[in-house]
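Here the structure comes first, spelled out in structure tokens, and everything after it is commentary.
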Amino acid sequence: MVNLIRDVVSYLESIAPPAYQESYDNAQLITGNPDDKVKGILCTLDVTEEVVQEAIDLGCNMIVAHHPIVFKGLKSLTGKNYVERTVIKAIKNDIAIFAIHTNLDNIHTGVNKRICDKIGLTNTKVLAPKKGLLSKLTTFIPTEETDKVLEGLYNAGAGDIGEYSNCSFSVEGTGSFLPSDQSNPTIGEKGTISKVKENRIEVIFPSYLQGNILKALKETHPYEEVAYYLQSIENENQEVGSGMVGELNEEMEEKSFLLHLKESMHLSVIKHTSLRNKPIRKVAVCGGAGIFLLGAAKRAKADMFITSDIKYHEFFDAENQIVISDIGHYESEIYTKDLLLELLSQNFSNIALYLTKVITNPITYI
């Protein structure tokens, strides 16, 4: 089977939809022709000149990265900095670069779940779920056709709520209509009012799937003209959002947990606030720069909040209510490349997949 670059992009975006990335982000195919055949894929946290060279040496023509190499707009490509040089090198060697960034951060099986797994957290859930990402479809279906239409809607992505699927609400009523002379009614006759037993159906779905949902509705519904309406709903999407919170199977003394964190994440150093002499049981995490979630971690009654890129004065905001631990940006997200490799291996067993061996961390410690 021949796989194109667009196939890889489509698969990864089905797992972490672009609609879930933050407004400032640039998660997408950054270089490369989507119609090129995939020869091999290199998974990495960052893209640098060394990583592009590694892809060339391995015979890979695609790099899947967490961080976008192009984050801000480029006004020239003259090689004056590492970003421009990296992009030029990739283009010259027909290397496609795909970034899957905050959209992968924001799904409940993404970057933060990987951190939770590494440090042994269970009962995990999104720390700060996002609102405004869900829609509701209401439609009216002849009773005997209801199951068929619902099946089509479920297959298109409607009706999933957390760990439950095929979720819907229905109530029976009577629909009436008068077909015109130009109509082609499935039920009833032109010029005659028809009354039909119908089910009013309501289903919730991720808003970005609206096109697929309406296509499925119109393909499975028996009526020539389908009556429906859509509503945006403000419910939190419990599976999409920032950070994650979970629990240890058994509480640990603070210093013991910090040593456990250091060992399980292979850290050189941890910066943290004063210990409170209280056991650690509930832990909040956010890969990358996550201090904006400190309030959410406190509201979740977490004993410790693990993130990175914390400024000096931000440590004071712990106020002895929580222990803040800064483990470093690279260190908090390095295992994302393993996650990407695992995701790709589930669907592309015929493509050579590699983990970068290049250490892209720009920070070193003495």
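In this structure, the residue pairs whose Cα-Cα separation is over 24 Å, taken from LYS195/LYS218; LYS130/LYS262; LYS282/LYS357, are LYS130/LYS262; LYS282/LYS357. Here the stretch 343-366 is scanned for amide nitrogen atoms under 11 Å from the site 7 Å beyond the Cα of SER268 along Cα-to-Cβ, giving 361-366. Note on the stretch 247-336: Cα Rg divided by 2.2 N^0.38 Å, N the number of residues, gives 0.98. Model label sites at LEU355 and ILE161, defined 7 Å from Cα along the beta-carbon direction, differ in position by 4.0 nm.
Solvent-accessible area of the stretch 1-89 (1.4 angstrom probe, protein heavy atoms only): carbon and sulfur portion equals 52 percent. Ranked from largest to smallest solvent-accessible area, with a 1.4 Å probe on the protein heavy atoms, MET252, MET62 come out as MET252, MET62. For the stretch 116-197, the relative contact order works out to 19 percent when only alpha carbon pairs closer than 8 Å and six or more residues apart are counted. So for the pair ASP147, SER183, with labels modelled 7 Å out along Cα→Cβ, what separation do we get in nm? A separation of 2.8 nm, rounded to one decimal place. Provide the per residue accessible area, probe 1.4 Å, for the chain, rounded to a whole number of square angstrom. That works out to 52 Å² per residue. To the nearest ten degrees, helix 5-15 and the longest principal axis of the Cα atoms of the chain are 80 degrees apart.
Computed from the C-beta positions of THR78 and TYR24, the FRET efficiency with R₀ = 25 Å rounds to 0.50. Ligands, DNA and RNA excluded, the heavy atoms of ILE334 present near 30 Å² of accessible surface to a 1.4 Å solvent probe. Segment LYS118..PHE292, full-extension length gain: 60.4 nm, with 0.36 nm per residue of separation and the alpha-carbon distance subtracted. For ARG85 and GLU253, FRET efficiency with R0 = 51 Å and r from the beta-carbon atoms, rounded to 0.05? For GLU253 and ARG85, the calculated efficiency is 0.60. Once backbone amide H atoms are built at 1.01 Å from N, ASN61 has LYS39, GLY40 as its partners under 5 Å, excluding neighbours fewer than 5 places away on the same chain. Expressed to the nearest 5 percent, the antiparallel share of DSSP beta bridges inside the chain is 70 percent.
Counting only protein heavy atoms and a probe of 1.4 Å, the accessible surface of the stretch 225-359 is 49% carbon and sulfur. Model label points for GLU236 and GLU219, set 7 angstrom from Cα along the Cα-to-Cβ axis, are 3.5 nm apart. Rounded to the nearest 5, what % of DSSP beta bridges with both residues in the stretch 199-320 are antiparallel? For the stretch 199-320, the DSSP antiparallel bridge percentage is about 55.
Based on Cα atoms of the stretch 1-156, Rg over Rh with Rh as the Kirkwood radius reads 1.09. Report, to the nearest 10°, how far helix 82-92 tilts away from the longest principal axis of the Cα atoms in the chain, using its own Cα long axis and a range of 0 to 90°. Once rounded, one gets 60 degrees.
The values are calculated or read from the model by the stated rules, or taken from the named source; none is laboratory data. Small disclaimer: the values here were computed from a predicted structure and weren't measured. Reconstructed Cβ throughout: ideal geometry from the backbone, glycine too, with neighbour counts over all protein chains shown. When the accessible area is computed, the model is the full protein with side chains, heavy atoms only, and any ligands, DNA or RNA have been set aside. Shrake-Rupley method; radii C 1.70, N 1.55, O 1.52, S 1.80 Å.
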